[in-house]
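Here's the structure we're looking at; comments come further down.
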Amino acid sequence: MDEKITGLKAQLEADLAKIETAADLENIRVAYLGKKGSITDLMKGMKDLSNDERKALGQKVNELKTEVSDTITAKMEELKRKELEAEINAMPEFDVALPVNMDRGSYHPITLVQRQCESIFRTMGFTIEDYSEIVTDYECFEALNIPKHHPARDMQDTYYLENGQLLKSHTSAAQNAIYKKYKDALINEGKPIKAIFPGRCFRNEATDACHENTFFQMEGVMVDKDISISNLIFFMKTMLSEVFRKDIKVRLRPGFFPFVEPGFELDISCLICGGDGCPSCKHSGWLELCPCGMIHPEVLKAGGIDPEEYTGFAFGLGLTRLAMMKYGVKDIRDLNSGSLKVLSQFTDDE
Ligand code: PHE
């Protein structure tokens with residue numbers, strides 16, 4: 001029996017020397033320790049021995065079993081380490097001590113213009129609101145005096161989701177929620193509602209140098225007693241003169257939007273020629289920038305505000321448009337291109 005044990009040990013050593021993979025090793029484990037393995041066989045053979053013999057041999061076989069199992073475990077660890085080393089050696093070399101690329105990153109031009117507008121409006125007492133990009137039909141249209149099947153819905157080619165919600169086609173979609181949020185403070189404490197809400201908007205547009213399906217607007221509303229168009233003009237003129245760092249002339253033309261009455265298109269004096277007329281403004285001296293108007297009574301009502309007592313203005317500034325004007329971006333698609341070469345040229349000139 002002793003010979004058998006010595007033979008097994010030698011055999012195991014020889015077997016282990018040959019193997020290369022963890023799978024080979026598993027086969028060896030089964031061949032020795034498995035149900036039909038050689039060590040298990042040895043144990044089975046013990047039943048024909050006398051008690052004393054069995055005791056002596058049993059001890060030896062158990063020792064052998066532990067030894068074999070330890071050897072196999074050690075070999076398994078060795079194999080795994082070798083496999084890992086091979087994997088690491090196969091990896092491309094890089095030097096962790098190399099200095100990082102120290103070129104500074106930059107903000108997106110729209111972020112820059114948005115932050116600038118925010119800080120200007122903040123100094124004029126407006127709060128800045130955040131709103132979701134997925135909204136309900138009610139928020140985007142019905143609460144804004146655009147009932148179902150109203151032709152005004154065609155003005156905005158909207159992306160509808162399967163669950164009936166939609167990607168907001170304009171920042172006006174947040175108006176209703178803002179009125180509801182602040183109406184109590186307005187009615188009970190006499191605090192005017194003054195809020196701006198910048199946001200990404202989506203319309204199913206064919207894209208070209210002037211059109212994108214994804215763009216940014218910044219909505220602004222002010223509601224209080226006796227708010228008039230003069231207030232609207234004052235805030236717009238102050239904000240735009242700050243953004244462009246020069247005195248900007250504005251004019252209002254009539255414009256139709258179901259959620260304002262009266263509604264306007266606000267134009268600014270051409271930034272290139274100052275109003276004399278040039279190719280950029282098609283020789284009119286004016287650039288169209290911001291639809292606006294006095295909030296429609298139905299819209300105030302939907303927000304829980306009595307239109308007999310309160311009035312307000314709303315504007316929908318095209319942030320993307322403003323950024324293009326401010327930085328002289330000729331193709332709107334550059335803004336969504338993700339091209340660092342284009343976008344890193346803009347810096348905060350504060
Ligand atoms: N939401 C309108 C649009 O995107 C713009 C607008 C906002 C008009 C506020 C008037 C008042 O077309």
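Table for the structure above
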read-out	value
For ASP157, residues with placed amide H under 5 Å, excluding near neighbours	ASN204
Value in Å of the Kirkwood radius, where the stretch 281-350 supplies the Cα pairs that are averaged	15.5 Å
Ordering of 60-70, 316-326, 261-271 by burial proxy (mean other Cβ atoms within 10 Å per residue, highest first)	316-326, 261-271, 60-70
Sparse-neighbour loop sites [GluC sites (Glu not before Pro); the stretch 271-320; at most 12 other C-beta within 10 Å; DSSP]	GLU308, GLU309
Over the stretch 122-240: Rg over Rh, Cα atoms, Kirkwood Rh	1.00
Loop sites in the stretch 170-267: trypsin sites (Lys or Arg not before Pro), DSSP, at most 16 other Cβ within 10 Å	LYS225, ARG245, LYS246, LYS249
Pair ASN62, LYS148: separation of 7 Å Cα→Cβ label points (nm)	8.2 nm
Cα-only radius of gyration and Dmax that characterise the stretch 2-90, units Å	15.7, 58
Peptides ranked, highest mean first, by Cβ atoms within 10 Å: ranges 31-44, 73-86	31-44, 73-86
Folded to 0 to 90 degrees: helix 51-90 orientation relative to the chain principal axis, Cα	40 degrees
With Cα atoms, 0 to 90° folded angle of helix 2-18 axis to the chain main axis	40 degrees
Under 15 Å, Cβ to Cβ, from THR21 - net charge with Lys/Arg +1 and Asp/Glu -1	-3
Any cysteine of the chain lacking a neighbouring Cys Cβ under 4.7 Å - listed by number	CYS117, CYS140, CYS201, CYS210, CYS290, CYS292
Principal axes of the stretch 13-63: Cα extent on each, largest first, Å	42, 18, 12
Dimensionless Rg/Rh of the stretch 109-343 - Kirkwood Rh, Rg from C-alpha atoms	0.96
Too-long pairs where the Cα-Cα distance tops 32 Å, listed order kept, from LYS191/LYS237; LYS148/LYS237; LYS148/LYS191; LYS44/LYS75	LYS148/LYS237; LYS148/LYS191
Alpha-carbon centroids, the stretch 266-326 and the stretch 233-252: separation in whole Å	11 Å
Gain upon complete extension [ARG245, ASP184; 0.36 nm per residue less C-alpha separation]	18.3 nm
Size of charge dipole - the chain - debye, nearest 20, with Cβ of Lys, Arg +1 and Asp, Glu -1, no other charges	220 debye
Size descriptor, Kirkwood hydrodynamic radius, that averages inverse alpha-carbon separations across the stretch 103-150, Å	13.9 Å
Helix 22-33 vs. the chain, principal-axis angle (Cα, 0 to 90°, nearest 10)	40 degrees
Under 12 Å from the Cα of LYS330 - aspartates and glutamates, other chains or at least 8 residues apart	ASP208
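Every number here is computed from the coordinates shown, using simple stated rules; none is lab data. The structure displayed is predicted, hence computed values, not measured ones. Because the Cβ atoms are built from the backbone with ideal geometry, glycine has one as well, and the counts that use them run over all protein chains shown.
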